[in-house]
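**Student:** Quick one: this structure, given as structure tokens, is what I'll be asking you about.
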Amino acid sequence: MKKVKFILVAMVAMLTTTAMAQATYTAADGTTYEFKKHGFLNLEGGAQYTLGEAKFKDLISPNVQFGLGYQFSPVFGARIQANGWQSKGGFNTDINELYKYKYVAPGVDFMFNLSNLFAGWNPKRVFNLTLFLGGGANIGFENDEANALAAKGVPFRYLWDGTQVLPFGRGGLEFAFRLSDAVRFVIEGNANITTDKYNSKQAENPDWYFNALAGLRINLGKGYTAVAPVYVPEPEPQPEPVKVVEEKPQPKPQPVKVEPLRRDVFFTINSTKVVESEEVKVREIVDYLNKYPKAKVSVTGYADAGTGNDKINDRLAAGRADIVANLLTQKYNIPAERIMKDSKGSRVQPFAENDLNRVTICIAE
């Protein structure tokens, strides 16, 4: 029971951590990738070692596994899996007898991608390490060899015949190597624990079996969406102004005092997209700049300190400043030299409320 409680506490802690994981990645060419929930299929085969009283090589059996799962976030996923084929038992005594029996063990695994958890999500990463914990029901059958030995006088304290159903728990690691966007080559090792009755023998402790598997993980659907970078065209060179020599200097007009205009363009978490309700504020900046041709605007991007890390937040803040500046130049034809662009990441928090710091602050004057 203590082991079960420990596993549950560990799963809750890891689920809490995954809720804070960022789900965007920007490649070197400027392409932004956003994580997309998707299903996956596992097909694997390999070998099993059943812990028992015999030589190691005598307790090796063939093993296969099928899994159907869903990736809920860059870190957390779950799968329904069925593992099975054959287990072996034996006596390392003067009896020196071996016997085998068959089983199938359907269950559920909760999967935690440690590479994405500690290094950030990257859809193009070549290698990913995943921890999984789970359990289910082990259904044993065809225990004929053990029953035949029992008929000869071999002592089995937990001999079973027909079909036996026992609960099991398991944990392990999956090593995944990227072959393409849709396919990974996976190597998996897992340890399984069940009751002392599994191998028909009494040992006064739980029974264990271990699987080493290799195969393919196939994504059922696209695991991300990609957004190409927006390139700002270079401004065309302006002709040199013609100098006009005035005969008499004219008195300089008194400057008209213009009040500065500030607009805060807010964003949703992990996003650099300006929604329609926030673009109204950008148009107000445009109206101001068109009214006052000599005015300029400073555009500063921010990210909230409550999520992500400095590397991710620096990229988000810069992207938020870029998208507002691009709207001004490309959509509303404001010259680039009238725009001063900056980003502060999450090191500066202009607002006390965390969520309000997903923002680009525009000050025109």
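The values are calculated or read from the model by the stated rules, or taken from the named source; none is laboratory data. This one's a predicted model, so the numbers in the text were calculated from it and none came from an experiment. Cβ sites come from the backbone with ideal geometry, for glycine too, and all protein chains shown count toward neighbours. Side chains are part of the model used for accessible areas, which takes the heavy atoms of the whole protein and leaves out ligands, DNA and RNA. Shrake-Rupley method; radii C 1.70, N 1.55, O 1.52, S 1.80 Å.
**Student:** Any idea how far apart PHE210 and ARG347 come out in nm if each label point goes 7 Å out from Cα toward Cβ?
**Tutor:** Taking the simple label geometry, PHE210 and ARG347 are separated by 4.8 nm.
**Student:** Hey, another quick one. What number, rounded to the nearest 500 deg cm²/dmol, is the helix-based mean residue ellipticity at 222 nm of the chain, given -39500 (n - 2.57) per DSSP H run of at least four residues and division by all its residues?
**Tutor:** Only helices count here, giving -5500 deg cm²/dmol.
**Student:** With all protein chains present, calculate the accessible area of PHE110 using a 1.4 Å probe and round the result to the nearest 10 Å².
**Tutor:** Accessible surface of PHE110 is approximately 70 Å².
**Student:** Using r as the Cβ-Cβ distance of LYS243 and ALA336, and R0 as 25 Å, what FRET efficiency do you calculate, to the nearest 0.05?
**Tutor:** 0.45
**Student:** When all C-alpha to C-alpha distances in the chain are sorted into bins of 20 Å, what percent of pairs does each bin hold, rounded to whole numbers?
**Tutor:** Once binned at 20 Å, the Cα pair distances of the chain give 23, 35, 22, 13, 5, 1, 0.
**Student:** In sequence order, what are the phi-derived ³J(HN,Hα) couplings for segment 152-162 according to the Karplus relation 6.51 cos²θ - 1.76 cosθ + 1.60 with θ = phi - 60°, rounded to whole Hz, with x for glycine and proline?
**Tutor:** Running phi through 6.51 cos²θ - 1.76 cosθ + 1.60 with θ = phi - 60° gives 8, x, 5, x, 10, 7, 10, 4, 10, 9, x Hz.
**Student:** Here's something else I'd like to know. If you take every residue apart from LYS222 with its C-beta less than 13 Å away from the C-beta of LYS222, what net charge results, scoring Lys and Arg +1 and Asp and Glu -1?
**Tutor:** Cβ neighbours under 13 Å give a net charge of 0.
**Student:** Over the chain, what is the mean sequence separation of C-alpha contacts under 8 Å (at least six apart), divided by residue count, expressed as relative contact order in percent?
**Tutor:** This gives 14 percent for the chain.
**Student:** How much accessible surface area, in Å² rounded to 10, belongs to the heavy atoms of ILE269 with a 1.4 Å probe?
**Tutor:** 80
**Student:** For segment 333-343, just list the computed ³J(HN,Hα) in residue order, Karplus coefficients 6.51, -1.76 and 1.60, θ = phi - 60°, integers in Hz, with x standing in for Gly and Pro.
**Tutor:** Values, residue by residue: 6, 7, x, 5, 6, 9, 10, 10, 10, 8, 8 Hz.
**Student:** So what's the net charge close to LYS273: Lys and Arg +1, Asp and Glu -1, counting the other residues with Cβ under 13 Å from its Cβ?
**Tutor:** Residues close to LYS273 contribute a combined charge of -3.
**Student:** Around LEU59, what is the net charge, scoring Lys/Arg as +1 and Asp/Glu as -1 over all other residues with Cβ under 10 Å from its Cβ?
**Tutor:** +2
**Student:** Post the alpha-carbon centroid distance, segment 315-346 to segment 276-311, in whole angstrom.
**Tutor:** 7
**Student:** What is the distance in Å between the Cα centroid of segment 35-76 and that of segment 100-160?
**Tutor:** 7
**Student:** Can you tell me what percent of all Cα-Cα pairs in segment 100-212 are more than 24 Å apart?
**Tutor:** Across segment 100-212, Cα pairs with separations above 24 Å total 42 percent.
**Student:** Give the ranking of LEU41, LEU98 by solvent-accessible surface, highest area first, calculated with a 1.4 Å probe.
**Tutor:** Largest accessible area first, the list is LEU98, LEU41.
**Student:** Which links in LYS57/LYS102; LYS124/LYS222; LYS252/LYS341 stretch past 22 Å when you go from one Cα to the other?
**Tutor:** Those over the limit are LYS252/LYS341.
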